[in-house]
Each structure stands twice: as structure tokens, then as C-alpha cells.
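Following: one structure in C-alpha cells, then a few remarks.
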Amino acid sequence: MAIKHRGPYIGGHVSAAGGIYRAIENAMAIGAESIQMFGSSPRQWKVTQHSSEDIERFKQERKKAGIKAVYLHAPYLINLASPNAQSRAMSAGLLEGHFKIANAIEAEGLIFHIGSGKEMPREDAYPLVVSKLKEVLKKVSGKSLLVIENSAGGGETIGSRLEEVAHIMGLVDSSRLAMCFDTAHAFESGSVREYTPTSVKELAKKINDTVGLERLVAMHVNDSKTPYDSHRDRHENIGEGYLGKESFRALINNKDFQKPAWLLEVPGFDETGPDKKNIQILKSLIR
């Protein structure tokens, strides 16, 4: 009799350097069941054009490894809320390029940050963001999702609150738009003070009442190096930061948070990024 899988599918951000298919090899090295990676350099406006051979090899390697979910992460250069029209256009073009890669490799989605309207009133920034998201979704076909990640709230970034993410998703009105919830960002932005069994249950209800739990497809599972409401985005290994292991025990044993892919973006105990030890710590918390 097959053993039933317990808890969420856990993995992390892995390198795709040397060929996009290398991400699968790196995922297997840390025991990942789901992965996140960059489809092209996160520090350049130019988007890599992957060969059909590399794309096919990626899909074959993924199938062989049994990776349950694949998410790309868009470059941090993107700012769909910028007051500068040229910057918004370049950002949309960059998001479009990475979204095409996500669809080409049949990834579940592309995770991205909305950006900052800076001194612009939020009410004026929302239509700009919505316009660019609609544009990208129209230009790129496929089954992959565009996945909004909640921010840590620094620098007037949009999307630190669930209500704000839900508002933008409602205005775009597309079934190809979803959400990724970052545990550290929610804490650092002041949106979530603690993760206890009771507060996690309340959080699930809030997500359902705003974004909708069915739209929560991925989670960035990170401890925080900075305190509550710091508005500073700094991740820490599981159990080593301000959240602590018990926060993740509460999350991992709540059925509503077992459905999304769990993706680590931590420094790693050997400072090389998400590792086997962080994954094992999370698995040890499952009842």
C-alpha cells in the first residue's frame, strides 16, 4: 500500500545556472518536491531565449524527478506602479518575457512583486498596475499563472496587505492571476503579528475573504531576520529568526496551508541558499 503524502510539497529556490534543466538536478540535491527559480537573469532587462532542446530537457528531467510544482520568480527590477511611463513599459516587457518562459517550460506560474508608486497616491497607482497586468496577460498565452507576492511594505511598495492584493486582482479580473504568500513579508509589513494555531486559522479565513484560498497557489516559507512591522525584507533560516519553529508548526499543520507549494528563500545553514536541513526541519514539524 502506498504511503500517503503528509503536509505540503516542500522545496525552495534553486539555481538554473548552466542550463534551465540544471534546476532539477539542484532540486534533487536538497530533496525538494517543488521548486522556484529564475528563468533568466534577475539583474538584467534582457531576457534569455532558451533553446527548444533545453526546454524539452527541463520538462523531461522534471517528470523523471517527480517535481510537483515549478514556479519562476520575476526580476526585482520590475515596477508596474512606477510614476515613470517608460519604466512601467520596460517593467511590463520584462514581466512578459519571463512569463513566456514560464509558459514554455509549463511551469505552474511566475511570481512577481508589483512595485512602488513612490510619492504617487495609491489610488492613482492601481489603474497603472492593472493596465500593465492586463496587457501582459493578453500578450502571453498558456496555462501558467501570474502570481502576485505580498511585499514587506518598505519604500511605499504596493501589495503588503491582503486587501490591496485582492483589490488589484479584482480589477484585473483574470483566472490566470493568483497569489503567493510570504510568511516573513507578512510579519515584516505588520500584517501578521504572530503565527499560532489560532492566528493561522484566522489568517486562512482572511485570505479566503479577500483573495480566496483557491487563488493561494504558493507560499514563500521564510523566517524573518528583522522584527515585526520593521518594513525590512530580510529572510532567515527556519527557527533562527523572529518567527521561530513554532510559527511554522502552526502553519504546516493547518490544512488550508498544505495545498499551496511551499518554497524556501532562506540563506541556508551553509550560506548557499535553501538546503536539505531547512526542508527537513519543516518536515519534522508535521504531525
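The values are calculated or read from the model by the stated rules, or taken from the named source; none is laboratory data. None of these values were measured; they are calculated from a predicted model. Here the Cβ positions follow ideal geometry from the backbone for every residue, glycine too, while neighbour counts run over all protein chains shown.
Assorted remarks:
- Of the residues making up the stretch 174-227, those that are assigned to a loop (DSSP other than H, G, I, E, B) and either under 16 Å from the mean Cα position of the chain (by Cα) or among the hydroxyl-bearing types (Ser, Thr, Tyr) (or both) are Ser174, Ser175, Arg176, Ser189, Ser191, Tyr195, Thr196, Val211, Val221, Asn222, Thr226.
- Note on the stretch 31-88: residues that are small (Gly, Ala, Ser) and closer than 30 Å to Gly7 by Cα total 8.
- Looking only at residues of the stretch 173-194 that are of a type outside the set (Val, Ile, Thr) and without any contact (Cβ under 8 Å) to a residue 40 or more places away in the chain, we find that the one that is surrounded by the most Cβ atoms within 10 Å (Cβ to Cβ) is Met179.
- Only a single criterion out of (1) touching an Asp or Glu at 6+ places or on another chain (Cβ under 9 Å); (2) closer than 27 Å to Lys68 by Cα is not satisfied by Tyr126, namely (2).
- Restricting the stretch 32-71 to residues that are among the polar types (S, T, N, Q) and in contact with a Phe, Trp or Tyr (Cβ under 6 Å, 6 or more places away or on another chain), the residue that is surrounded by the fewest Cβ atoms within 10 Å (Cβ to Cβ): Ser34
- Looking across Glu149, Glu164, one residue alone is touching a strand residue (DSSP E or B) at 6+ places or on another chain (Cβ under 7 Å) and either surrounded by 17 or more Cβ atoms within 10 Å (Cβ to Cβ) or at pLDDT below 95 (or both). It is Glu149.
- Residues being surrounded by fewer than 16 Cβ atoms within 10 Å (Cβ to Cβ) and either of a type outside the set (Ser, Thr, Tyr) or under 21 Å from Val266 (Cβ atoms) (or both) are entirely absent from the stretch 90-99.
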